[in-house]
Every structure is written in structure tokens, then in C-alpha cells.
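S.K.: Here you go, one structure.
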Amino acid sequence: MAWRSSGTSNAELVANLCRNGMIKDDRVKAAFLKVDRAHYAPSSPYNDSPQSIGHAATISAPHMHATAAEHLLSSLQPPADSSSSGPNRPRRVLDIGSGSGYLTHVLAELLPPPSSTPEDGNGPAAVVGLEHIPALKEMGERNMSRSEEGRALLASGRVRFRVGDGRKGWVEPGEEEAGWDAIHVGASAVEVHDELIQQLRSPGRMFIPVDDEDGGGGQHIWAVDKDAQGVVTRKRLFGVRYVPLTDAPKAK
Ligand code: SAH
């Protein structure tokens, strides 16, 4: 199913992702319809396959973006009703290896409107896209500036792109204690780095591709959950192929 969702327009791609069960939730569907992949993929934007974006990076395939959004949704949205025990606070999201900036934008579209969430003293709702290659950080910003919605997200600070080594996570200046409700990692890690788990809020969820321990070159997506009491559980989900999380290339 994964590779069969290609379309000739953004709407057709999204319809096919829904038909093939890659997008299940209407809120994810709405967010995918709001963000035109053509602003982020240099060629064949509506093909359900990864595309090169230069610097040895790729924009991931639409079905992988859909799967990531579906898995992180519960950490991005307020509790469904007031009797539920989940927190209602401004959501903070870290997208490590943001590359094209596509998923960074989709994740921002999945946050509730600012007026609907009470302040909790830990800063406003935000999605931070983190890249270790400055040219890709700038590419993410440039791509997002192609739409009016994207420009508004950047201007308001609701989306911010930063340069740093994602293996250490990211701490926003002035928001040192805040942590992240959701962490998405867009490149494969050799391990689930402790810094990332420490920076997860309680509750919070991380979606991360990790190299298999057997050294055979395989990778699996892991969902790492921190519950309201701070207890961490890890679940191995399915096999994938991502580019690795690495040291930044040396400046020439
Ligand atoms: N989510 C992106 C995926 C880009 S590919 C998209 O769909 O467009 C993976 C990205 O991880 C690349 O852009 C690469 O530059 C970045 N990356 C690799 N190692 C990194 C590190 N240590 N810290 C931050 N970003 C890293």
C-alpha cells in the first residue's frame, strides 16, 4: 500500500493516502490538504516516493510523513473532552532533520489555534525545525515562505527553523525549561539519545527511526512515550529506510 498513493495534484495525493489507510484521521487529512507539497519537493511533488533535496538529504515519501503525523497526533492536540486527563497546554514540537520543511509545516497545521489553549508559563505553542546544515535550514524557511499561511507561521514565531545537532535535541533560548510534547526525528539514529528523552515532556511522544542493533543495516521506527508520571516506554513499530543522523559536514 505504501507506494501506491501517488497523485497528479496535492488533493489527489491526499485522497490516495486516505484510501490506502496511510492517513486515517480527518485532522491529519485537513493539515495535508493545507500544505502544498509542490512548495517543498523540487520535482514530482505528488509522487509517493522520497525526492533528493541536495546536501545528501531527501524529502521523505508522503506515506512516511502521513504515518509520522498519525503517530504524533495525540501529542499535538488537546484532550478530546474535558473529562480526559491529558494536559491542555500550548503544544511544543521539535522536528529534527527538518530538511525541506514540509513536515514542520504540516505539524504546525496540526496544532490547535492559539486562542484555544491556556498559557502554562512555558512559552507559546511552537514547532521548531532543526537542521545541522545551514543551507537546509534556509531551504526550509524559503519553502515555507512560498505560501501566505507559511509566511504567517514564520512571522508569528509559531514555526522557527534553527541550526544544531539534533542528537542533542534542542533548547530554545528563553524557554529552557519547556521541553517538547512531540519530537519527530527525520533521520536514523544509532541509538535513542538520552538528551531527547530528557527533553520530552510528561506526557510526550517521540517518533524516531533507529538503526537495528544486529548491525545488518536495517532500521525501525520506534515510538518512545513518556507518561504523565514520567515513565518511559519504547515500542518498535516497523522497518524503514532513512538517511542517517550524522555529524555536520565540515565547512570547506
Ligand atoms: N523531514 C525531512 C527529512 C530530510 S532527510 C523532509 O522530509 O524533508 C534528513 C535530514 O536530517 C537531512 O536534511 C539532514 O541534513 C538532517 N540531519 C542529519 N543529521 C543531523 C543531525 N545530527 N542534526 C540535525 N539534522 C540532521
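S.K.: Test each condition in (1) under 14 Å from the mean Cα position of the chain (by Cα); (2) near the ligand (Cβ under 10 Å from one of its atoms); (3) more than 14 Å from Ala182 (Cα to Cα) for Phe161 and report the one that comes out false.
M.R.: Unmet for Phe161, out of (1) under 14 Å from the mean Cα position of the chain (by Cα); (2) near the ligand (Cβ under 10 Å from one of its atoms); (3) more than 14 Å from Ala182 (Cα to Cα): (2).
S.K.: Scan (1) over 24 Å from Glu148 (Cβ atoms); (2) of a type outside the set (S, T, N, Q); (3) in contact with a strand residue (DSSP E or B) (Cβ under 6 Å, 6 or more places away or on another chain) for the single condition Ile53 breaks and write down its number.
M.R.: (1)
Each row is one residue, and each column tells you yes or no for (1) away from the ligand (no atom under 16 Å from the Cβ); (2) over 30 Å from Thr246 (Cβ atoms).
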{"site": "Ser6", "(1), (2)": "yes, no"}
{"site": "Lys34", "(1), (2)": "yes, yes"}
{"site": "Ala41", "(1), (2)": "no, no"}
{"site": "His65", "(1), (2)": "no, no"}
{"site": "Ser75", "(1), (2)": "yes, no"}
{"site": "Pro79", "(1), (2)": "yes, yes"}
{"site": "Pro87", "(1), (2)": "yes, yes"}
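S.K.: Same structure again: What number of residues within the range 228-240 satisfy the criterion of being touching a residue at least 12 places away in the same chain (Cβ under 8 Å) and farther than 15 Å from Phe207 by Cα?
M.R.: 3
S.K.: Tell me whether the range 23-38 contains one or more residues that are within 26 Å of His132 (Cβ to Cβ) and of a type in the set (Phe, Trp, Tyr).
M.R.: Looking for residues that are within 26 Å of His132 (Cβ to Cβ) and of a type in the set (Phe, Trp, Tyr), one finds none in the range 23-38, hence no.
S.K.: Give me the pairs, please: first residue somewhere in the range 140-167 and free of Cβ contacts under 8 Å to residues at least 24 places away in the same chain and within 22 Å of Ser52 (Cβ to Cβ), second residue anywhere and among the basic types (Lys, Arg) and more than 13 Å from the ligand (Cβ to nearest atom), beta-carbon distance under 9 Å, and either six or more positions apart or on two chains.
M.R.: Final answer for the pair search is Ser145/Arg151.
S.K.: Same structure, new question: Check every one of the strands (runs of 3 or more DSSP E) wholly within the range 183-252 and list those with 2 or more residues that are closer than 28 Å to Arg91 by Cα and within 14 Å of the ligand (Cβ to nearest atom).
M.R.: 200-211
S.K.: Among the residues of the range 26-35, is there at least one that is within 30 Å of Gln229 (Cα to Cα) and surrounded by 20 or more Cβ atoms within 10 Å (Cβ to Cβ)?
M.R.: yes
S.K.: A follow-up question, please. Inspect the range 20-30 for any residue being away from the ligand (no atom under 14 Å from the Cβ), under 17 Å from Arg142 (Cβ atoms) and touching a residue at least 60 places away in the same chain (Cβ under 8 Å) and give the result as yes or no.
M.R.: No, the range 20-30 has no match at all.
S.K.: For the range 102-129, name all the residues that are near the ligand (Cβ under 9 Å from one of its atoms) and in contact with an Asp or Glu (Cβ under 7 Å, 6 or more places away or on another chain).
M.R.: Leu103, Thr104, Gly129
S.K.: Does Gly97 qualify as being near the ligand (Cβ under 10 Å from one of its atoms) and either at pLDDT below 85 or within 18 Å of Gln199 (Cα to Cα) (or both)?
M.R.: yes
S.K.: Then there's this: Among the residues in the range 14-21, are any outside any loop (DSSP other than H, G, I, E, B) and under 16 Å from the mean Cα position of the chain (by Cα)?
M.R.: no
S.K.: Among the listed residues Trp180, Trp222, identify the single one that is out of contact with any Phe, Trp or Tyr (no Cβ under 7 Å at 6 or more places or on another chain) and surrounded by 21 or more Cβ atoms within 10 Å (Cβ to Cβ).
M.R.: Numbers: Trp222 fails: surrounded by 21 or more Cβ atoms within 10 Å (Cβ to Cβ).
After applying the criteria, what remains is Trp180.
S.K.: Which of (1) over 16 Å from Leu130 (Cβ atoms); (2) surrounded by fewer than 21 Cβ atoms within 10 Å (Cβ to Cβ); (3) modelled with pLDDT of 95 or more is the odd one out, the single condition Val192 does not satisfy?
M.R.: It is condition (3) that Val192 fails.
The values are calculated or read from the model by the stated rules, or taken from the named source; none is laboratory data. Treat the numbers as computed from the prediction; the structure is a model and nothing was measured. Here Cβ is always computed from backbone atoms with ideal geometry, including for glycine, and neighbour counts include all displayed protein chains.
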